[in-house]
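Here's the structure we're looking at; comments come further down.
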Amino acid sequence: MLLKYITCITTITLLIIQYNTVTTATPFPVKGNIYNAVNELTALAHVYPRYVEISDLEGKKIGRVGIMVEEGIAKLFLVKQDKRHSLIGYSGPSDHPNKGTLYNVSDKIAGYYFWTPTWSFIFNNQNKRVGKVKCIAWPRVCAAGVGGYLLNFFNQNQALQKK
């Protein structure tokens, strides 16, 4: 009888541990490596369901892109990782389902991004590829954030000056 009791308690304990592990475990962030125009690793993208954080190779946060719904339309905004979380750019509408346009705060086109199910590619406003990122989750949001980084919206990247 004691053995059955111990077995039952052990089983319940394992189920509780397993349940808590399953409910508290999360696949986020999904991480993507950011490569510049010459395929050098320059930064990291940490992808969450409603935003993407960009950090340097040491893990220091540089900025993020987030989604804001305005009049029923999801818009992407890029903010710098400073005390004020300064707005530094946004993504505008596109005539293509897998392509986006990046604008700076002066409403000038800074570049474009194009995404596939696994890779996102970033181009400057002269249509020259400036880099890429492998994002398997939320590729549009990921591409917009990485585009802001590769187009130097965050004013931080000496690594990109090697181009």
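Since every read-out is calculated from the coordinates, none of them should be taken as a lab result. Predicted, not measured: the structure shown is a model, and the values here were computed from it. In this analysis, Cβ positions are derived from the backbone assuming ideal geometry, glycine residues included, and neighbour counts consider all displayed protein chains.
Amide H contacts of G131 (H built 1.01 Å from N, in plane; Pro and chain starts excluded): I122 sit under 5 Å, all sequence-distant by 5 or more or on other chains.
Quick check for me: using +1 on Lys/Arg Cβ and -1 on Asp/Glu Cβ, what's the dipole size of the range 30-162 about its Cα centre, in debye to the nearest 20? Could the numbers behind the result be given before it?
On the way: 17 positive and 9 negative charges, 40 e Å.
Dipole about the Cα centre, nearest 20: 200 debye.
For I88, nonlocal amide neighbours, meaning residues 5 or more places apart or on other chains whose placed amide H falls under 5 Å from its own, are L78, V79, K80. Annotation for I136 and T118: the two label points, set 7 Å from Cα along the Cα-Cβ direction, are 0.9 nm apart.
Label-to-label distance for N125 and V69 is 3.2 nm, based on points extended 7 Å past Cα in the beta-carbon direction. Both radii are taken from the alpha-carbon atoms of the range 30-162; with Rh as the Kirkwood radius, Rg/Rh is 0.92. Modelled label positions at E40 and Y103, each set 7 Å beyond Cα in the direction of Cβ, lie 3.3 nm from each other. Residue separation of L87 and E58 scaled by 0.36 nm, minus their Cα-Cα distance, works out to 8.1 nm of gained length.
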